[in-house]
Amino acid sequence: MGGRSVRDHNVGALPALLDRARHNNEAQLEILESLDVFPSTLPTKRDSVYSGWVSISVGCNNTCTFCIVPSLRGKEKDRRPGEILAEIQALVDDGAVEVTLLGQNVNSYGVEFGDRLAFSKLLRACGDIEGLERVRFTSPHPAAFTDDVIDAMAETANVMPQLHMPLQSGSDKVLKDMRRSYRSTKFLGILDKVRDKIPHAAITTDIIVGFPGETEEDFQATLDVVEKSRFASAFTFQYSKRPGTPAADLPDQLPKAVVQERYERLTALQDRIAAEENAKQLGRRVELLVTAQSGRKAEETHRLSGRSQDQRLVHFSVPEGAETPRPGDFVTVTITEAAAFHLVSDPETTADYSLRRSRVGDAWDRSQADSCGAPAPSASGTGSGGIGSSGSRAVSLGMPSLPGRRG
Ligand code: SF4
C-alpha cells in the first residue's frame, strides 16, 4: 500500500484499501476528500502531481462471490459529472497532465442517476479539458461494457489506448460460480471490438487461479482465453478464502499444491505472450511521460524511464548532445529492445529522440531549486497551468507504484 494512502484521518478506509490492494495485488490510493463524505464537495487542497486519481463512484452493485467490496462499501454511489470534471480541472490546474478515473465498476457509472451513457459522456468531456494529456480508467466490468465506451475511447484524443478489464476466469462454469454475469465469448468479443477501433490498444487483466471447484478442464479454458486475448500483462492471483465472502463457504476448496501448479502454468503462458507482444513494439515510435527516477538499476544503466501512451514501461537513454528531460516532460523515442516486462530505447543519434518540455517539468525544476536553495530556472513556457510562478509550493511527483505479479 502506498505510504500516503492512509493517515489517521482516513484510517476507517484501511480495511477496504487492504482488501482492494490484496484483490488487485497493487498499491491502493484513496483521496479522503473524494470518498469519506461521498459524494463530496471539491477538495480544497492537493499536492501538485503529474498524475492524479479521481474516484467517480464507490461501492458495487455486483455480488462476485470471492469479493468483500459489496459488504464493505455497499451499493454503487456515483458522483455527479460536474463534480468529477471540476476535480479533474482542479488537478490539471495544479499541474497534473494525467488522470485515472477510479471505480469498482466504472462503466456502470450513471446507474444511480439513470444515465446509461454517463461513462462514455464523461470520457468525452475529459477530452475537452485543456492541458489534460492522458486519461485512463480502472476497472470496467465486462458485463457492463458497451459500444459507446469503445467509441468514446477511440474518438477522444486524450483517452489512452489502454484497457484494464478483469477476466478472472476463462471457464464459463467458474464465472457462473463466481457470479460474474458475462461469459468468455462476450469477453473476447469486447476485446475484438476494442482492437477493431483502437488497433494498438494494450489490454491487461486480472485472473484468479484455483477458485473452489475449478477443474483441470476449467483451468484449460482459462489458458485458452489467455492465449486468445494476447494480454500485454496480467495480474494473476491464487485464490484464497476471504472470510465473509460466499466463496469461502463453497465446497471443493482446492489443495494449495494444485493451485500453485496451475498458477505457474498460467504465469509461464502469460510471460511468453507478454514478451511476444512487447517484441511487436520493436521499431515503433512512442511518446513517453518521463517518471521520477530512482533505484540502483537506473544509476547503473544511466537510463531514464517513462510510460508510453499504452502504459508500457520504457527505459531509455538520452543520446549525446540531447537535452535531458525532467520528470513530467515528454520524450518520443524508438523502441530498440523488448523484454517481457519492459521495453528499452537506446537512440543512437539525436534524430531518434525528441523532447517536449512540460509545465510539470518546470514545476520539478522549481521544486529542486527550492530544496537546495538555488534560484529556480525560468519556465519552459510550454503551458499555463495553475502552478504558481513563485515556485514556493512543494511539488510531489510520481504515481503510486504498482507492483504485482504481472506477466
Ligand atoms: S465487480 Fe465483483 S469483484 Fe469487482 S468490486 Fe464488484 S463485487 Fe467486487
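The values are calculated or read from the model by the stated rules, or taken from the named source; none is laboratory data. The structure displayed is predicted, hence computed values, not measured ones. Cβ sites come from the backbone with ideal geometry, for glycine too, and all protein chains shown count toward neighbours.
Per-structure values
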| read-out | value |
| --- | --- |
| Residue identified as modelled with pLDDT of 95 or more and in contact with a helix residue (DSSP H, G or I) (Cβ under 7 Å, 6 or more places away or on another chain) among 172, 196, 224 | 172 |
| Only listed residue being in the same structural domain as residue 141 (by TED's automatic domain parsing), over 30 Å from residue 361 (Cα atoms), surrounded by 15 or more Cβ atoms within 10 Å (Cβ to Cβ) and polar (S, T, N, Q), chosen from 205, 215 | 205 |
| Within the range 132-163, considering residues that are within 12 Å of the ligand (Cβ to nearest atom) and small (Gly, Ala, Ser), the one surrounded by the fewest Cβ atoms within 10 Å (Cβ to Cβ) | 143 |
| Filtered residues of the range 187-238 (kept if touching an Asp or Glu at 6+ places or on another chain (Cβ under 8 Å) and over 30 Å from residue 314 (Cβ atoms)) | 211, 212, 213, 221 |
| Answer from 114, 127 - the residue that is at positive phi, assigned by TED's automatic domain parsing to the domain that holds residue 187 and away from the ligand (no atom under 16 Å from the Cβ) | 114 |
| Selection count, the range 224-253, where residues are surrounded by fewer than 19 Cβ atoms within 10 Å (Cβ to Cβ) and either in a helix (DSSP H, G or I) or touching a Pro at 6+ places or on another chain (Cβ under 8 Å) (or both) | 10 |
| Sole residue being within 11 Å of the ligand (Cβ to nearest atom), over 30 Å from residue 367 (Cα atoms), in contact (Cβ under 8 Å) with a residue 40 or more places away in the chain and in contact with a His (Cβ under 6 Å, 6 or more places away or on another chain), chosen from 62, 105 | 105 |
| Residue list for the range 210-223, filter: assigned to a helix (DSSP H, G or I) and hydroxyl-bearing (Ser, Thr, Tyr) | 222 |
| Close pairs (8 angstrom Cβ cut-off, 6 or more residues apart or separate chains): free of Cβ contacts under 8 Å to residues at least 40 places away in the same chain in the range 169-187, away from the ligand (no atom under 16 Å from the Cβ) anywhere | 175/184; 183/172 |
| Unmet criterion (only one of (1) at pLDDT below 90; (2) touching a strand residue (DSSP E or B) at 6+ places or on another chain (Cβ under 7 Å); (3) outside any helix (DSSP H, G or I)) for residue 325 | (1) |
| Meets criteria (under 19 Å from residue 53 (Cβ atoms), within 16 Å of the ligand (Cβ to nearest atom) and within 18 Å of the chain's Cα centre (by Cα)) for residue 122 | no |
| The one condition in (1) closer than 15 Å to residue 55 by Cβ; (2) surrounded by fewer than 20 Cβ atoms within 10 Å (Cβ to Cβ); (3) within 15 Å of the ligand (Cβ to nearest atom) that residue 76 fails to fulfil | (2) |
| Selection count where residues are within 16 Å of the ligand (Cβ to nearest atom) and on the phi < 0 side of the Ramachandran plot, scope the range 164-202 | 17 |
| Top-ranked residue in the range 328-344 [being part of a loop (DSSP other than H, G, I, E, B) and aliphatic (A, V, I, L, M); ranked as surrounded by the fewest Cβ atoms within 10 Å (Cβ to Cβ)] | 339 |
